[in-house]
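Q: Below is a structure I'd like to ask you about.
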Amino acid sequence: MSYLAGVLLTDVRTNTEGPEFALGTVYRANDGKQYKYVQFNNGAGDVASVAGNVAYYYAVSGASAGQVEIVTMDVTDSGGIGAGVFQAVIDDTGYGWIQTKGDATLTTALTAGADGNALTAVGAGADGTLDVSALVTDFICAVAVDATAKIVFLTCPD
């Protein structure tokens with residue numbers, strides 16, 4: 001894990017500019033929240049990123065290509081693995097930060113759920129959202145803290 005000074009979590013870069021940090025760089029803020037530097041892919045559905053929405057690891061057909069630094073907001077290309085929450089709009093093939101740990105307020109409401117529910121990308125009805133976990137095989141990436149206010153506690157992988 002890296003400890004970086006002066007990181008602006010809303011800074012993004014285009015594919016032409018190239019990444020500012022190594023992909024997969026992890027930043028832990030003083031408030032205990034954790035962030036990861038990633039590349040964005042619009043996915044087959046050409047779904048643009050939205051600040052405050054959920055990012056998923058890009059895994060076409062549910063099979064990971066071993067590229068855990070590439071994320072999408074297209075739930076059909078996610079393989080059911082939530083990656084974090086976008087800190088800014090990242091253009092297709094561009095670079096930026098997602099939050100992976102700690103409390104976060106989402107832009108879009110949860111698909112379903114109540115306070116304390118385990119949340120997953122599996123079954124999310126809309127791109128960039130989470131749903132309540134229904135099976136023990138669902139990958140849990142967050143817990144609803146205040147479902148009505150769209151506040152979750154993220155537990156995404158690094």
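Q: Can you find a residue that is part of a strand (DSSP E or B) and of a type in the set (G, A, S) anywhere in segment 125-139?
A: No - not one qualifying residue is present in segment 125-139.
Q: Of the numbered conditions (1) within 15 Å of V152 (Cα to Cα); (2) modelled with pLDDT under 90, N30 satisfies every one except a single condition; which is it?
A: Condition (1) is where N30 drops out.
Q: Shifting gears a bit: Here's a check for you: in segment 73-92, which residue that is at pLDDT below 95 and β-branched (V, I, T) is nearest to Y35 (Cα to Cα)?
A: Result: I81.
Q: If you take the residues in segment 140-158 that are of a type outside the set (A, V, I, L, M) and either part of a strand (DSSP E or B) or more than 14 Å from the chain's Cα centre (by Cα) (or both), which one is surrounded by the most Cβ atoms within 10 Å (Cβ to Cβ)?
A: Looking at residues that are of a type outside the set (A, V, I, L, M) and either part of a strand (DSSP E or B) or more than 14 Å from the chain's Cα centre (by Cα) (or both), I get C141.
Q: State all residues of segment 12-36 that are assigned to a strand (DSSP E or B) and over 23 Å from T108 (Cβ atoms); if no residue qualifies, say none.
A: Selection gives R13, V26, Y27, R28.
Q: Scan segment 115-124 residue by residue and report those that are under 15 Å from V85 (Cα atoms), assigned to a strand (DSSP E or B) and not polar (S, T, N, Q).
A: L119
Q: Considering each of L130, L135, L119 in turn, give the residue that is farther than 27 Å from L8 by Cα and buried (at least 20 other Cβ atoms within 10 Å of the Cβ).
A: When all the criteria are applied, what remains is L119.
Q: Restricting the search to segment 88-114, which residues are closer than 12 Å to V71 by Cβ and in a loop (DSSP other than H, G, I, E, B)?
A: If the condition is that a residue be closer than 12 Å to V71 by Cβ and in a loop (DSSP other than H, G, I, E, B), then I90, D92, T93, G94 are the ones that fit.
Table: residues versus (1) out of contact with any Ser or Thr (no Cβ under 6 Å at 6 or more places or on another chain); (2) closer than 14 Å to F40 by Cα; (3) surrounded by fewer than 16 Cβ atoms within 10 Å (Cβ to Cβ); (4) without any contact (Cβ under 8 Å) to a residue 40 or more places away in the chain.
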residue: A83; (1), (2), (3), (4): yes, yes, no, no
residue: Q87; (1), (2), (3), (4): no, yes, no, no
residue: Y95; (1), (2), (3), (4): yes, yes, no, no
residue: D115; (1), (2), (3), (4): yes, no, yes, yes
residue: G125; (1), (2), (3), (4): no, no, yes, yes
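Q: Working only within segment 127-158, note down all residues that are among the hydroxyl-bearing types (S, T, Y), without any contact (Cβ under 8 Å) to a residue 24 or more places away in the chain and in contact with a strand residue (DSSP E or B) (Cβ under 7 Å, 6 or more places away or on another chain).
A: Matches in segment 127-158: S133 only.
Q: Among A5, A59, which is under 17 Å from the mean Cα position of the chain (by Cα) and modelled with pLDDT under 95?
A: Matching residue, one of A5, A59: A59.
The values are calculated or read from the model by the stated rules, or taken from the named source; none is laboratory data. Everything numeric in this text was worked out from a predicted model, so none of it was measured. FYI the Cβ positions are ideal-geometry reconstructions off the backbone, even for glycines, and counts take in every protein chain you see.
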